[in-house]
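S.K.: Here's a structure for you.
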Number of protein chains: 2
Amino acid sequence: MGAASQQLEQLSETCSHCSLNYLCLPYGLSQDDVSELERLVSPGTPVAMNAELFGQGDTLTDLYAIRDGSMKTVVVDEDGLEQILGFYYPGDLLGLDGFADQHHHCTAVALESTRVCRIPVDRLDRLVDKLPSLRHQIMRLMSQALSDEERLLLTLGRKNSEGRISSLLLTLSRRREMRGLDPSPVSLSMKRSELANFLSMRLETVSRVLTRLQRDGVIRVRQSRVDILDREALRSRSSRGAWAADQS
Amino acid sequence: MGAASQQLEQLSETCSHCSLNYLCLPYGLSQDDVSELERLVSPGTPVAMNAELFGQGDTLTDLYAIRDGSMKTVVVDEDGLEQILGFYYPGDLLGLDGFADQHHHCTAVALESTRVCRIPVDRLDRLVDKLPSLRHQIMRLMSQALSDEERLLLTLGRKNSEGRISSLLLTLSRRREMRGLDPSPVSLSMKRSELANFLSMRLETVSRVLTRLQRDGVIRVRQSRVDILDREALRSRSSRGAWAADQS
DNA sequence: CGTAGGGTTGAAGAGTATCAAAGGCGGTGG
DNA sequence: CCACCGCCTTTGATACTCTTCAACCCTACG
């Protein structure tokens, strides 16, 4: 199964043949519509590690879909506080929060050497006029992003440190499966300090929790690679230690 | 100014004459387009206090715009954890997170006696096909919702209890201004326990912080009514006590 | 081989949660 | 109209998780 699922990450220069299209913009479109879509996509733009794809405040010109690699998005408020909003992997779409006022509300940075497909919004907008199925898919993806953030709010708000780390590992594992990869060796391509920022913890606490989970035989940590040894234990730790579902 | 701004909350049975239309779906539409829109809107459906407008998992049939009153949205995860996602006021649109899979991902409950405008999604969808400006506005509103949640993530993730309460009060005040009301007497129509849940605190902590802010002359609390006495102090407390914008 | 950045581990302290009890406020019924 | 009751809120004392500060370790890389 390992070899077979690796094959799924074979990429193509066209959306029609891209193995990730069912996660991405083309999902739900007819063959003809996908052909129209792929005419305006520039595939394979490279982004170097630590380079910005777009910055908070930049004018919205393109949406981006990740082909391979990984990225993070960060928002900085007026007090200089910095919060990582999410980590993104192949098939994920970036830039959707820019429709509000035609400006990006966060900064996107590559966690490793990454390639993205670039989709100009003005041409996309004209195509959306013609293709209701494309409009539906974009709204589905925005709605999806909303739901994902709601889930994150729940995790950060109601779980303790062990619950947060466990939830994150399970989520990353599940997302690997959705891309057709093996669920188990999760690659933490971000630094401990980035994990901590994302989960609203301190990096020392992240380290301690990972150590504890390893000591108890739930996971195995080897630098950035994390093997999930006992999925069930991880699941139970992701809910235990959570705060009571208190009174109305 | 109090009287004048009160007038702005005069409501009408039609979107064209509704004083909140610049916050709501009609924004950016031509007069003719608004007329088309208002033909499919049922204005003024009443929702009793504590009644559900829609429930998590329900099929998405309508979007809702609040006319007067207030609501909260709640999400419950598989472990029974409950998280309040937001509080909503006149002009706010509810149900946008249901486009992902045609089901609501949260439950909407009235905090007081509330009236909402009901907008059937199937008819809205057909109208969106005809009116690009309406599509733009819906995407703007979804994008806006995304940005709002990102801001909430930042507040919950990086601020201590005093910072969270202060931020919330300032936000509620700002939203009153956007609706043309006086910024100062903020009405906390939700219970302390709901505030606590929303801000990921315990209700005792909420109470202590409010007491402290009142003792220091920043606000005055009288049951559900909160006067903001020193806006600048509130602003500084909303950022002080926040965690460091730590290393990359 | 030596340095630097990231990661781990340890001890002390702050901020909240938790448990417990008392204090208002509104609603109901006598 | 007043008294009682229940729910929400406030206040206090204690416990615990996580942060903070500090030192050390490891791995990558010139």
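S.K.: Please enumerate the residues belonging to segment A:86-99 that are of a type in the set (A, V, I, L, M, F, W, C) and at pLDDT below 95.
M.R.: Passing the criteria: A:Leu96, A:Phe99.
S.K.: Right, next: Just to verify a result, which residue in segment A:184-198, among those that are closer than 16 Å to A:Leu111 by Cβ and in a loop (DSSP other than H, G, I, E, B), is farthest from DNA strand C (Cβ to nearest atom)?
M.R.: Applying the filter and picking the extreme gives A:Ser189.
S.K.: Can I ask one more? How many residues are assigned to a helix (DSSP H, G or I) and more than 12 Å from DNA strand C (Cβ to nearest atom) when one looks only at segment B:199-230?
M.R.: Looking only at that region, the number is 5.
Residues checked against (1) crowded, with 19+ Cβ neighbours inside 10 Å; (2) away from DNA strand D (no atom under 14 Å from the Cβ); (3) over 16 Å from the mean Cα position of the chain (by Cα):
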position: B:Ile119; (1), (2), (3): yes, yes, yes
position: B:Arg123; (1), (2), (3): no, yes, yes
position: B:Gln137; (1), (2), (3): yes, yes, yes
position: B:Leu203; (1), (2), (3): no, no, yes
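S.K.: Check segment A:167-180 and report whether any residue there is within 11 Å of chain B (Cβ to nearest Cβ), more than 30 Å from B:His136 (Cα to Cα) and surrounded by 15 or more Cβ atoms within 10 Å (Cβ to Cβ).
M.R.: Yes.
S.K.: Follow-up question, since we're still on this one. Which number in (1) surrounded by fewer than 18 Cβ atoms within 10 Å (Cβ to Cβ); (2) more than 16 Å from DNA strand D (Cβ to nearest atom); (3) under 25 Å from B:Ile228 (Cα atoms); (4) not assigned by the TED database to the domain that holds B:Gln214 marks the one condition that B:Glu149 misses?
M.R.: Every condition holds for B:Glu149 apart from (1).
S.K.: A further question follows. Out of the residues in segment B:112-153 that are in contact with a strand residue (DSSP E or B) (Cβ under 6 Å, 6 or more places away or on another chain) and under 19 Å from B:Leu23 (Cβ atoms), state the one that is farthest from the other protein chains (Cβ to nearest Cβ).
M.R.: B:Arg115
S.K.: Determine, yes or no, whether A:Arg175 is in contact with a Pro (Cβ under 7 Å, 6 or more places away or on another chain) and under 30 Å from A:Asn21 (Cβ atoms).
M.R.: no
S.K.: Same structure again: Considering only segment B:232-244, how many residues are in contact (Cβ under 8 Å) with a residue 24 or more places away in the chain and away from DNA strand D (no atom under 11 Å from the Cβ)?
M.R.: Looking only at that region, the number is 6.
S.K.: Kindly establish whether B:Asp79 is among the charged types (D, E, K, R), in contact with a Ser or Thr (Cβ under 8 Å, 6 or more places away or on another chain) and on the phi < 0 side of the Ramachandran plot.
M.R.: Yes, satisfied.
S.K.: If a residue has to be in contact (Cβ under 8 Å) with a residue 40 or more places away in the chain and under 21 Å from A:Lys159 (Cα atoms) to count, how many in segment A:173-198 make the cut?
M.R.: Here the count works out to 5.
S.K.: Of the residues B:Asp97, B:Asp101, which single one is surrounded by fewer than 20 Cβ atoms within 10 Å (Cβ to Cβ) and within 12 Å of chain A (Cβ to nearest Cβ)?
M.R.: B:Asp101
S.K.: Testing B:Ser236 on (1) under 21 Å from the mean Cα position of the chain (by Cα); (2) more than 15 Å from DNA strand C (Cβ to nearest atom), one condition comes back false. Which one is that?
M.R.: Exception for B:Ser236: condition (1).
S.K.: Output the qualifying pairs, or none if there are none: Cβ atoms under 6 angstrom, residues six or more apart or on different chains, first residue in segment A:199-225 and in the same structural domain as A:Gln83 (by the TED database), second residue near DNA strand D (Cβ under 9 Å from one of its atoms).
M.R.: Listed by first residue and then by second, the contacts come to nothing, as the list is empty.
S.K.: What's the number of the condition A:Ala242 fails, among (1) within 14 Å of chain B (Cβ to nearest Cβ); (2) farther than 25 Å from A:Thr73 by Cα; (3) modelled with pLDDT of 95 or more?
M.R.: Unmet condition: (3).
S.K.: When B:Pro46 is evaluated against the numbered criteria (1) within 13 Å of chain A (Cβ to nearest Cβ); (2) modelled with pLDDT under 95, which criterion, by number, is the only one it fails?
M.R.: Failed condition: (1).
S.K.: Please count how many residues of segment B:167-201 are near DNA strand D (Cβ under 8 Å from one of its atoms) and under 20 Å from B:Glu150 (Cβ atoms).
M.R.: Qualifying residue count for the region: 0.
S.K.: In segment A:61-87, which residues are closer than 24 Å to A:Arg123 by Cα and of a type in the set (Phe, Trp, Tyr)?
M.R.: A:Tyr64 - this is the single residue of segment A:61-87 that is closer than 24 Å to A:Arg123 by Cα and of a type in the set (Phe, Trp, Tyr).
S.K.: Test each condition in (1) surrounded by fewer than 19 Cβ atoms within 10 Å (Cβ to Cβ); (2) within 8 Å of chain A (Cβ to nearest Cβ) for B:Leu81 and report the one that comes out false.
M.R.: (1)
The values are calculated or read from the model by the stated rules, or taken from the named source; none is laboratory data. Owing to the predicted nature of the structure, the values given are computational and were not obtained by experimental measurement. With ideal geometry, Cβ positions are generated from the backbone for all residues, glycine too; neighbour counts draw on all protein chains shown.
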